[in-house]
Amino acid sequence: MQHNEYKKMIQLALYSELNANEQKKLEDHLTSCEECRKEMEAQRNFLNIISDSEKKVIDDALLHEARTQLRGALRMEQGKSMFNLKNIFNVFDFVNPPYKLAVVGVTTLIVGFFMGYLLMSPSPEIRYITSSDSGTESVFYQQDVKISNITFIDSDASDGEVEFRFEAVKPMHYKGSVDDPNVQSVLTYAMLNERNPGSRLNSINAMVSENKMDSDPELKNALITVAITDQNPGVKIEALKLLKKLPYDEDIKQAYIYVLSNDTSSALRITAINALFETVQSGQKLNEKDLKLFKEKSKDDDNNYIRHLTKTILQEHD
Amino acid sequence: MTLSDNELIIEANKGNNAAFEELIYRYDKSVLSIALNYVHDSDEAKDIYQEVFIRVHRNLKKFEMRSEFSTWLYRIATNVCLTHKSRSKKHLQLSINEEFETEDDDSKSYELVATNRDPGELASNTELGSLISEAIDSLSSKQKITFTLKHYEGYKIREIAEMLNCKEGTVKKYLFDATRNLRKNLSSVYAAAY
């Protein structure tokens, strides 16, 4: 076997990818080859140093955030797929097959007239969401579409073609009930992703209207993510306040505990400790870990009010 | 009783969202880890994570269960990583159509690492970490994903070959080239290791 082949085997050996035969061959070679022994040592050191300094580990907050954003994105996906033709046919499952096509046809015609009326009626300010156009061809001819962030995949035009990506942004206007799944999808997405803090705040307030206090886990998870990770303290505090309106559970408690333990803003920690105080007053029990945190906070927190309230909570809990 | 992946897929395809969530939560931490170690940025990793599972959601009905769900999922994940364009635009715009990169790949491995730095200046772990990230980012996309999957995620070469849909020999080649390029780019930093 060539000397260079052994050098390649060294890396595989360090990753435990050699079979017994290959391992034996390499070991035999190493006993007689000083250069390969040095190479093995150098490779081992190199890979160790890279491993020690660079491995990125997933923490629970990041995973939670990713899952919450995914839920929002999937809701939007499902919202889109609700309007596909197959689902429209499924709606008419109760009709006998011979008449099904006719009923679907007549209904489509009525819906078509209705949509036509909506689109042609004189209210130029309001445009209704239509299914997105997957083809790019028409995008180039639409006057209200803004094209940005063009990145070239292939800018070499020698073969007569170029390839690039871009973002086409089209202004949309939508008006609907806060219980509408489309509205909820957009609001959840905005709550988590909108750059403007005011828009995030408005989205939170709109989502948690008084008639939605028994709302779904997705809303709860989105609020928890905002309360823990949003860059803007004002948005965080609003999310914390709204969490108080949802039915109390372990996830919500952990969000308060996380903010109390980790947030640098005393206003946020005060909101969290106030919420926890209310739950203790209403008879919720704290576990050993929570009590330990409160004992630490009663001594170490920078804020007088938090130190005082944690002491009160500990006394009330006893 | 715990349902198998295939049983969850059948349920998910009937529209059972809880089954879909249970299915993806079995693997999503690994997917996020692959993405994070590939792009070294948590926001971009979340973008990749989201794109992967949206593709899974869209295509789950087409999955015929001839292979393990995890193999299919990780193949999607590696494809999304390979086609991902960095938000910071510091990544090189390489064609993803290169099936097999030759020794000439060195030309694609740009010297992003300042090789004339005084090792004394590199005492901080943060700086070392960022130099290593730069060196890894300078690899070609396939070298980078192979090195990430092998070195940071610990997958076997056979598994990586399944994910990338190529031969084991090709994976080994990507791995050798990646390591050689990294050692070259980081040679001044890790001179002691040679």
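The values are calculated or read from the model by the stated rules, or taken from the named source; none is laboratory data. Everything numeric here is computed off the predicted structure, so don't read it as measured data. All Cβ positions, even for glycine, are placed from backbone atoms using ideal geometry, and neighbour counts span all protein chains on display.
Going by what's in this entry, would A:S261 be described as assigned to a helix (DSSP H, G or I), among the polar types (S, T, N, Q), on the phi < 0 side of the Ramachandran plot and surrounded by 15 or more Cβ atoms within 10 Å (Cβ to Cβ)?
no
Could you list, in sequence order, the residues of the stretch B:31-46 that are assigned to a helix (DSSP H, G or I) and either buried (at least 23 other Cβ atoms within 10 Å of the Cβ) or facing chain A (nearest Cβ under 9 Å) (or both)?
B:V31, B:L32, B:S33, B:I34, B:A35, B:L36, B:N37, B:Y38, B:V39, B:S42, B:A45, B:K46
Condition check: of a type in the set (G, A, S), over 27 Å from A:K236 (Cβ atoms) and free of Cβ contacts under 8 Å to residues at least 24 places away in the same chain. Does A:S155 satisfy that?
yes
Could you list, in sequence order, the residues of the stretch A:293-318 that are surrounded by 13 or more Cβ atoms within 10 Å (Cβ to Cβ) and basic (K, R)?
A:K295, A:K297, A:R307, A:K311
Hey, can you tell me all the residues within the stretch A:52-64 that are facing chain B (nearest Cβ under 7 Å) and either assigned to a helix (DSSP H, G or I) or buried (at least 17 other Cβ atoms within 10 Å of the Cβ) (or both)?
Answer for the stretch A:52-64, where residues must be facing chain B (nearest Cβ under 7 Å) and either assigned to a helix (DSSP H, G or I) or buried (at least 17 other Cβ atoms within 10 Å of the Cβ) (or both): A:S53, A:E54, A:K56, A:I58, A:L62, A:L63.
Residues that are at the interface with chain B (Cβ under 10 Å from one of its Cβ atoms) and either surrounded by 15 or more Cβ atoms within 10 Å (Cβ to Cβ) or closer than 29 Å to B:Y38 by Cα (or both): does the stretch A:29-40 have at least one?
yes
Looking at the stretch B:34-43, which of its residues are among the hydroxyl-bearing types (S, T, Y) and within 9 Å of the chain's Cα centre (by Cα)?
Within the stretch B:34-43, B:Y38 is the sole residue that qualifies.
Scan the stretch B:70-78 and tell me whether some residue there is of a type in the set (G, A, S), surrounded by 15 or more Cβ atoms within 10 Å (Cβ to Cβ) and within 10 Å of chain A (Cβ to nearest Cβ).
No, the conditions are met nowhere in the stretch B:70-78.
Identify all residues within the stretch A:271-318 that are among the acidic types (D, E) and either in contact with an Asp or Glu (Cβ under 6 Å, 6 or more places away or on another chain) or more than 22 Å from A:D249 (Cβ to Cβ) (or both); write none if there are none.
A:E296, A:D300, A:D301, A:D302, A:D318
If A:Q231 passes every condition in (1) within 23 Å of A:L309 (Cα to Cα); (2) not in a helix (DSSP H, G or I) but one, which one does it miss?
For A:Q231, the exception is condition (1).
Read through the list (1) within 14 Å of another protein chain (Cβ to nearest Cβ); (2) modelled with pLDDT of 50 or more, then give the number of the only condition that B:K89 fails.
Of (1) within 14 Å of another protein chain (Cβ to nearest Cβ); (2) modelled with pLDDT of 50 or more, only one is false for B:K89: (2).
One residue is enough: does the stretch A:18-28 have a residue meeting the conditions under 21 Å from B:N181 (Cβ atoms) and more than 10 Å from chain B (Cβ to nearest Cβ)?
no
Report, by residue number, each residue of the stretch B:124-154 that is touching a residue at least 60 places away in the same chain (Cβ under 8 Å), under 18 Å from B:L73 (Cα atoms) and either away from every other protein chain (no Cβ under 11 Å) or crowded, with 21+ Cβ neighbours inside 10 Å (or both).
The answer is B:K142, B:I145, B:T148, B:L149.
Do we have A:S177 as modelled with pLDDT under 80, part of a helix (DSSP H, G or I) and over 22 Å from A:D144 (Cα atoms) here?
No, not satisfied.
Show the residue pairs meeting these rules: Cβ distance below 9 Å; 6+ apart or different chains; first residue within the stretch A:231-242 and over 15 Å from A:E194 (Cα atoms) and assigned by TED's automatic domain parsing to the domain that holds A:T279; second residue in a helix (DSSP H, G or I) and not aliphatic (A, V, I, L, M).
Here the result reads A:I237/A:T271; A:E238/A:R200; A:E238/A:N205; A:L240/A:Y256; A:L240/A:T271; A:K241/A:T271; A:L242/A:N205, each pair linking the stretch A:231-242 to a residue that is in a helix (DSSP H, G or I) and not aliphatic (A, V, I, L, M).
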